[in-house]
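**Q** Please read through the structure below; I'll follow up with questions.
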Amino acid sequence: MAVRIRLARAGAKKRPFYRIVAADSRSPRDGKYLEKLGTYDPHLPAEHAQRLTLNEERIRFWLDQGAGLSDRVHRFLH
């Protein structure tokens, strides 16, 4: 099973809210995931503390297990 750390969309129409999740790469974007690792709210100002929340310990765990990162999550982490 290839695990990817990626965004899963939530929220209302025209008001996106994203969960950062570890999911099987074959599952749909908003489908089943293995674990929630954080959130991203693009409508909050860039300096707001709740715009991006990450569980860095669990992200490190999944990376050690061989999980890949999506392009957007890679930008968040580096």
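The values are calculated or read from the model by the stated rules, or taken from the named source; none is laboratory data. The structure displayed is predicted, hence computed values, not measured ones. Positions of Cβ are generated from backbone atoms using ideal geometry, with glycine treated the same way; all protein chains shown enter the neighbour counts. Side chains included, ligands, DNA and RNA excluded: accessible areas come from the protein's heavy atoms. Shrake-Rupley method; radii C 1.70, N 1.55, O 1.52, S 1.80 Å.
**Q** Can we say residue 57 is part of a loop (DSSP other than H, G, I, E, B) and of a type in the set (Asp, Glu)?
**A** Values: part of a loop (DSSP other than H, G, I, E, B): no; of a type in the set (Asp, Glu): yes.
For residue 57, the condition - part of a loop (DSSP other than H, G, I, E, B) and of a type in the set (Asp, Glu) - is not met.
**Q** Also, quick follow-up: Of all residues in the stretch 24-45, count the ones that are polar (S, T, N, Q), closer than 12 Å to residue 3 by Cα and either surrounded by fewer than 13 Cβ atoms within 10 Å (Cβ to Cβ) or at pLDDT 95 or above (or both). Full working, then the answer.
**A** The first filter runs over the stretch 24-45 and keeps only residues polar (S, T, N, Q), leaving 25, 27, 39.
Filter again for closer than 12 Å to residue 3 by Cα, leaving 25, 27.
Restricting the remaining residues to those that are either surrounded by fewer than 13 Cβ atoms within 10 Å (Cβ to Cβ) or at pLDDT 95 or above (or both) gives 25.
Number of matching residues: 1.
**Q** Consider the stretch 10-23. How many of its residues are under 13 Å from residue 73 (Cα atoms) and either of a type outside the set (Gly, Ala, Ser) or open to solvent by 30 Å² or more (accessible area, probe 1.4 Å) (or both)?
**A** 4
**Q** For the stretch 46-78, which residues satisfy the criterion of being surrounded by 10 or more Cβ atoms within 10 Å (Cβ to Cβ) and small (Gly, Ala, Ser)?
**A** 67, 68, 70
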